[in-house]
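A short worksheet on the structure shown next.
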2 protein chains.
Amino acid sequence: MKKNVTLNDIAQKLNVSVGLVSLVLRGKWKENRISEEMAKKVNKAAKDLGYKPNAMAQALRTGKSKIIGLIVADIANPFYGKIARIIENEAYNKGYQVIFGSSDEDLCKFEKVVEAMKSRQVDGLLVVPVIGSHEVLQAIQESNIPTISIDRYLTDAKLPYVVTDNYKGSYDIGLYLQQKGYQNIAFITKESPLSNFIERNKGFEQSMKDTGINYQKHALSVDNWNEELVQLIRDMDTSKVDAIYFAQNMLAVEGLKTVNALHSDELDKLAIISFDNPEIFEINRPTITCYQQPLQVLAEKAVQELINSIESKQSKDISLKIEGKLIIRQSC
Amino acid sequence: MKKNVTLNDIAQKLNVSVGLVSLVLRGKWKENRISEEMAKKVNKAAKDLGYKPNAMAQALRTGKSKIIGLIVADIANPFYGKIARIIENEAYNKGYQVIFGSSDEDLCKFEKVVEAMKSRQVDGLLVVPVIGSHEVLQAIQESNIPTISIDRYLTDAKLPYVVTDNYKGSYDIGLYLQQKGYQNIAFITKESPLSNFIERNKGFEQSMKDTGINYQKHALSVDNWNEELVQLIRDMDTSKVDAIYFAQNMLAVEGLKTVNALHSDELDKLAIISFDNPEIFEINRPTITCYQQPLQVLAEKAVQELINSIESKQSKDISLKIEGKLIIRQSC
DNA sequence: CAGCAACGCTAAAACATTTTAGCCGATCAT
DNA sequence: ATGATCGGCTAAAATGTTTTAGCGTTGCTG
């Protein structure tokens, strides 16, 4: 059982005070008139002994934990996995570490995770807000923990956010469908109060209006979309539809699963387009045309904004909507 | 800027000592002969003021951070995402939080992440070890931070591990192929010094020997498997092969992508079977038969073992190999 | 009646840091 | 000669907990 090396160990070895060691190791020896000779000795001793600062003690003393909390719906969902990956990278580069939790879209669990993170003294929070979480988030904000919404935002909370421009993306999908000459679109989406669906729905409906294309909107329920979707596709009247637009990767994945399982010539003739770009889209036969979210930029910006407001204490309330891009493949 | 409520705030409000408040709040008032009346007062005050313990201070004082570190190859890979998800859940249930990092299979990055986590005073570590990491892990072990390998293990490190029984899984795949009457298998795997590949390779080769089936082993290089795989499938002599076995999800995914892109009748006739069970396998046409790893059990056990050895300080060095199961679908 | 346990609490140390005030001698300007 | 400044360091407070030693009073036992 090796004890960790502390400042005290170094100080004793050199017969100096702990304070001095601390100052040197944090690079503040110049402004504190400590001799270069001494600085060198201290640094050497620290290296020799293998000193690693105790982050807990630092956190306690400074009030800064250098930890940021990340709350997503489900880290097992590759969409969030990818985001988490980028966030982790950015954060590490800036000397922060990431502690994560999944909410499962459940308010109760979301609140628990927030509490746990608050207790951990996270310096800031990156959250994918769940329905009804505005109060918790407002509270967190007031206890002065900078918080940024990602992926979606709540209209009833005054949180800064960094999200994809869902309206524009969905609108552009409509334009693309027009350009390709489709006339009757089955628009499969969810009836959700979350910003991303609201905007995707608005955007697409507006572009349908502007282009004059026929479409049928199927807004599935948040709780039971899964079964409803299977039913919907099973019963689809393929004579009245020439393209399907899935407004989300989960819808598309489940949809493709059903389509492929049914193996019907009529269904196979339909064009397919989707929001999001899961890996499956490149493997499916045909490969699927989609609107890819700018995950890299989104996650980077979110971390940057968060760390900015952590370190400068000026919550500038800058919110961002970032454009993604259409990826054209075989299906449409 | 609301300050956090501390023990001191409660103590002052009630005109008692901090120690007493601490004792009560941690449920130790009985064994410390504190009156029930007082205990109630304290609890009420704590609730009223909204007291949340400062985990940093607790950690500093007790030497237990209640944080476990999780290092995977890439959290964006759904395989690890799923594991992370289960680990997170288990850990939260036991009062631990999870801090994560991705190694990218890069030793240097792995070491950095380990250092960062050690500095954070993690109580224990769950790692997917990368090639060459035995020294770092040995060192970590010696500084008395319980560590468990998951997914794979290093033969040259004496770490406990919790992994799938890769040998058995791969052997069973061979048996299944025999049962289905396949005669010429293309066995696509990687030439890796990591335990999972070593055992999958051994297991399959043994079962080929035992069953007497013809097979060709294609062990791709760890660094360039991607391109090699595309080439391999492109050049495959379909007259001499009736089934392909992919020894890993990444191989299968890339393989299916290539197969589907080539759209060749001969390739389509081949049976396909794979280790792992990514979501795509259920969507692909045909759906893919595979050996599914017991992720739930694996991750749960790993967390349990880890927390055991954190809390009891007896590193029992129990290592586990857990069986997965064959999932039979259309492709084979 | 001496000794002792029980009671209900307090005080203080300890954890590893960071940061500020200040000490002492020497140099410098006035 | 006086006062100020500076160089190089130390001492100590502070962060929010947990834990142990112990204090003064009662009541009981032998």
Q | Virtual paramagnetic centre 7 Å along Cα→Cβ of A:Ile198, amide N under 20 Å, in the range A:155-181 | A | A:155-172
Q. If you keep only loop residues by DSSP, which GluC sites (Glu not before Pro) in the range A:1-53 have at most 13 other Cβ atoms within 10 Å of their Cβ?
A. A:Glu31
Q) Counting each DSSP H run of 4 or more residues in chain A as -39500 (n - 2.57), what helix-only mean residue ellipticity at 222 nm follows after dividing by all residues, to the nearest 500 deg cm²/dmol? A) -14500 deg cm²/dmol
Q. With no solvent and one point on each alpha carbon, what is the Debye value of log10 I(q)/I(0) for the range A:7-53 at q = 0.19 Å⁻¹?
A. -0.47
Q: Taking the Cα centre of the range B:115-217 as origin, work out the dipole magnitude from +1 charges on Lys and Arg Cβ and -1 charges on Asp and Glu Cβ, in debye rounded to 20.
A: 300
Q | Listed residue (B:Gln330, B:Ile244, B:Ser149) projecting farthest to the positive dipole end of chain B, Cβ model | A | B:Ser149
Q: Evaluate E = 1/(1 + (r/R0)^6) for B:Glu142 and B:Ala261, where r is the Cβ-Cβ distance and R0 equals 45 Å; express this FRET efficiency to the nearest 0.05.
A: 0.35
Q) What is the extension gain from B:Asp156 to B:Lys28, computed as 0.36 nm multiplied by their sequence separation minus the C-alpha to C-alpha distance, in nm to one decimal? A) 41.6 nm
Q) How far, in nm, would the chain grow between B:Lys269 and B:Gln330 when pulled straight, counting 0.36 nm per residue and subtracting the alpha carbon separation? A) 20.8 nm
Q.
How shielded is B:89-102 by partner chains, expressed as the average number of their Cβ atoms within 10 Å of its Cβ atoms?
A. 4
Q) Between rounded, prolate and oblate, where does the protein assembly as shown land on the alpha carbon gyration tensor, with a ≥ b ≥ c its root eigenvalues, rounded for a/c under 1.5, else prolate if a/b exceeds b/c? A) oblate
Q.
Need one word for the range B:166-292: rounded, prolate or oblate. Basis is the Cα gyration tensor (sqrt eigenvalues a ≥ b ≥ c); a/c below 1.5 gives rounded, then a/b vs b/c decides.
A. rounded
Q. For A:252-263, what's the mean count of beta carbons from other chains sitting within 10 Å of each residue's beta carbon?
A. 3
Q: List, in order, the whole-Hz ³J(HN,Hα) value for each residue of the range A:115-129 obtained from phi through the Karplus relation with A = 6.51, B = -1.76, C = 1.60 and θ = phi - 60°; use x for Gly and Pro.
A: 4, 4, 5, 4, 4, 6, 6, 4, 7, x, 9, 10, 10, 9, x
Q.
Can you tell me the length gained on complete extension of the stretch B:Gln292 to B:Gln304, counting 0.36 nm per residue apart and subtracting the Cα distance?
A. 2.1 nm
Q | Cα gyration tensor of chain B - equivalent ellipsoid semi-axes, whole Å, descending | A | 51, 19, 17
Q: Using only atoms on other chains, find how many Cβ atoms lie within 10 Å of each Cβ of peptide B:235-242 and report the average.
A: 0
Q: Give the distance, in whole Å, between the Cα centre of the range A:278-318 and the Cα centre of the range A:80-114.
A: 13
Q | With 10 Å bins from 0: P(r) over the range B:269-332, alpha-carbon pairs, percent | A | 20, 34, 21, 16, 8, 1
Q. When the dipole is taken about the Cα centre of the protein assembly as shown, and only Lys, Arg (+1) and Asp, Glu (-1) are charged at their Cβ, what size is it in debye, to the nearest 20?
A. 3360
Q.
Using a label point 7 Å beyond Cα on the Cα-Cβ vector, give me the inter-copy distances for B:Lys321 in nanometres, one decimal, shortest first.
A. 5.6
Q) So what's the convex hull volume per residue for the Cα atoms of the range A:42-138, in Å³? A) 117
**Q.** Computed over chain B: relative contact order in percent, which uses C-alpha pairs under 8 Å that are six or more apart
**A.** 15
Q. What is the magnitude of the charge dipole of chain A about its Cα centre, with +1 placed on the Cβ of each Lys and Arg, -1 on the Cβ of each Asp and Glu, and no other charges, expressed in debye to the nearest 20?
A. 2200
Q | Folded to 0 to 90 degrees: helix B:195-211 orientation relative to chain B principal axis, Cα | A | 40
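A short reminder: the numbers here are calculations on the coordinates, not readings from a lab. These numbers come from a predicted model, not from an experiment. Using ideal geometry, Cβ is built from the backbone for each residue, glycine included, and neighbour counts are taken over all protein chains shown.
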